[in-house]
Amino acid sequence: MNNAPMTDHHHGKHYTELPKGSVLAVFAGLIVAMIAATLDQTIVSTALPTIVGDLGGVDQMLWVTTAYVLTATVVMPVYGKVGDLIGRKGLFIFALVLFTAGSVVCALASNMGMLIVGRGIQGLGGGGLMILAQAIIADVVPARSRGKYMGAMGVAFVLPMLAGPLLGGLFTDHLSWHWAFWINVPLSIVAAVAAVFFLPKPRHKESLASFDVWGTVFSSAAVVMLVLATSWGGVEYDWDSPQIIGLFVGVVVTSVLFVLVERRAKTPLMPLFIFKNRTFVLSTLAGLFVMFALMASMSYLPTFFQIVHGMNATTAGYMEIPMSVVYLVSSLVSGFLVSRNGRYKKLMIVSFALVIVGLVAMTSITQDTSVVLIVGGFLLILGFGMGLSFEILVLIVQNEFPASEVGTVTAATNFFREVGTTLGASVAGAIFTSGLTRALSEKLAGFGGTESLGVDANSITPGIVHMLPDELQRALGGAYTDALVPMFAAMVPMAIIGLVLMFLLKEKPLAKEGGSDVAGL
């Protein structure tokens, strides 16, 4: 096997040249691992009501999702840094083992505590799978050809988004919800086998003695407090309560400490020089905004379709499929275009312009807007726009740095994306929940207030709504619509900032493999 390190002279980047068959085998293994990690976030969504009902923990529902996202976000930069220090092969297999162990704990869970712990363990592995998969591609594929592979990785990200809710529903209805977790075991084994046999051995190993412990502690603390503040604010505690204010102060303090520690660290977790790279900052911020908007727009639409349009859970899940499909197509198209001509700036501008159009369109929804227009019009524009930039923003960042830092910068940019994902879900939840409380009291005033529902407003389920008299159903539909629209309105300024950032990008042609034959030169 020819594992000769090739150098791209223009950028001085090393990557390990593998035979074509080995690259494809490695790639297949990475794809399976990414599918498992992503499937895990979506398959649970449709099974969740049944799971928490079964384990008697509806009030702890939030934590089934949060535990996974939280641990995954916290470990991302750690995997990136350790991978750069000691190589990624063993680390990737370790992440797979952790992920599988967590899946088994979840599948065997007999109470909510055990389920939440299992989800946390899964996240500790899953966070590594995402980061390492993208960095390993950079190890074995030169930048110019990487667009195609990254585009296909977009597929590995979106495919489970499509299949997850559906599989979750099928398992829950026909087998049992435990299968939503058991399915990860065979997938992880396939990925591990591919990694063991086809991944090249790491060439250089440095000591872990120089690992940045304090940087890890402070960045983790900041993220945990940020997630708690945005998840609890307006739900468990008022936004102006001492608890929430205290958490936000904690975020600021630990972030400042993190910066101070990184300036001194021998091998910093996130070297501060990467923030001096203008392209890194612009692309990473833009990526954060895209993930924020994606999570926020996907989170409450199924609820909206169930309450306002009277769909069942599975049908409401199907409503997001067209958006995911165009997301997938545009991710592949942008990967192909960037690989072919090595240029990306205009594409990124188009991407954010489309996201703005889609979000603005979503703010015009009333409860009489047809589902066909929402799903086949507004959401398609939004999905296509987001897909164009999704993988390419990572590629742009990787193209700015030498190979020895690819893991660190990929992890850093993804770390901020995950923060965007987490904040998107929690901020959207806060806007929606507070808006709904207000809208319910307004819309139901004429019917004698929320008492007219016959149940506590917090216990409203689609099933209960569908049994109410027509005019009450309509009033409730109006309240849910009024709660949804401000959420999309809040995303518009973020997308506009994203567009401005893309105009500020300085385009640097993508590296080709041999000599100085770089795109466009």
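In this structure, is Ala490 farther than 30 Å from Phe280 by Cα, in a helix (DSSP H, G or I) and at pLDDT 75 or above? Working first, answer last.
Details: farther than 30 Å from Phe280 by Cα: no; in a helix (DSSP H, G or I): yes; at pLDDT 75 or above: yes.
No: the conditions fail for Ala490.
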Check your understanding: Within the bounds of region 315-322, is there any residue that is at pLDDT 80 or above and either touching a Lys or Arg at 6+ places or on another chain (Cβ under 7 Å) or over 30 Å from Glu471 (Cα atoms) (or both)?
Key -> yes
Exercise for review: State which residue pairs qualify: first residue among the charged types (D, E, K, R) and inside region 193-217, second residue in a helix (DSSP H, G or I) and modelled with pLDDT of 70 or more in any location, beta carbons under 8 Å apart, and separation of 6 or more residues or different chains.
Suggested key: Lys201/Lys89; Lys205/Leu85; Lys205/Ile86; Glu206/Leu85; Glu206/Ile86; Asp212/Lys81; Asp212/Val261; Asp212/Glu262
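Which residues, counting only those in region 222-250, are β-branched (Val, Ile, Thr) and buried (at least 19 other Cβ atoms within 10 Å of the Cβ)? Reasoning before the result, please.
Going residue by residue through region 222-250, those that are β-branched (Val, Ile, Thr) are 223-224, 227, 230, 235, 244-245, 249.
Selection gives Val223, Val227, Thr230, Ile244.
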Revision key, fill the gap. Of the candidates Gln306, Gln367, the one satisfying the condition of being in contact with a Lys or Arg (Cβ under 8 Å, 6 or more places away or on another chain) and at pLDDT below 80 is Gln367
Revision key, fill the gap. Within region 365-393, residues surrounded by 23 or more Cβ atoms within 10 Å (Cβ to Cβ) and more than 19 Å from the chain's Cα centre (by Cα) come out as Phe378
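Looking only at helices (runs of 4 or more DSSP H) that fall completely inside region 115-202, which ones have 2 or more residues that are modelled with pLDDT of 70 or more, closer than 15 Å to Val23 by Cβ and of a type in the set (Phe, Trp, Tyr)? Talk me through it step by step, then tell me what you get.
On the way: elements: 143-174, 179-182, 184-198.
Per the criteria, 184-198.
For region 379-429, give me the residue count where each residue is among the acidic types (Asp, Glu) and farther than 23 Å from Leu85 by Cβ. Spell out the reasoning first.
Within region 379-429, the first condition is being among the acidic types (Asp, Glu), and the residues that meet it are 391, 400, 405, 418.
Subsequent filtering for residues that are farther than 23 Å from Leu85 by Cβ retains 391.
Of the residues in region 379-429, 1 are among the acidic types (Asp, Glu) and farther than 23 Å from Leu85 by Cβ.
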Point to revise | Only one of Thr46, Thr50, Thr73, Thr66 that is under 20 Å from the mean Cα position of the chain (by Cα), assigned to a helix (DSSP H, G or I) and at pLDDT below 70 | key: Thr46
Review point. If you check Ala425, Ala430, which single one turns out to be closer than 30 Å to Leu228 by Cα, under 23 Å from the mean Cα position of the chain (by Cα), surrounded by fewer than 21 Cβ atoms within 10 Å (Cβ to Cβ) and at pLDDT below 75?
Key: Ala430
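Please specify each residue of region 211-236 satisfying the condition of being hydroxyl-bearing (Ser, Thr, Tyr) and farther than 23 Å from Lys81 by Cα.
Kept after step one, since they are hydroxyl-bearing (Ser, Thr, Tyr), are these residues of region 211-236: 216, 219-220, 230-231.
Residues satisfying the conditions are Thr230, Ser231.
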Study note, to complete from the structure: Checked Val355, Val360 against criteria (within 17 Å of Phe488 (Cα to Cα), surrounded by 21 or more Cβ atoms within 10 Å (Cβ to Cβ) and at pLDDT 85 or above); the one match is Val355
Check your understanding: Taking into account only those residues within region 217-250 that are among the β-branched types (Val, Ile, Thr) and under 21 Å from the mean Cα position of the chain (by Cα), which is farthest from Leu272 (Cα to Cα)?
Key -> Thr230
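The values are calculated or read from the model by the stated rules, or taken from the named source; none is laboratory data. Keep in mind that what you see is a predicted model, and the values were worked out from it rather than measured. A quick note on method: Cβ atoms are made from the backbone with ideal geometry, for glycine too, and the neighbour counts reach across all protein chains shown.
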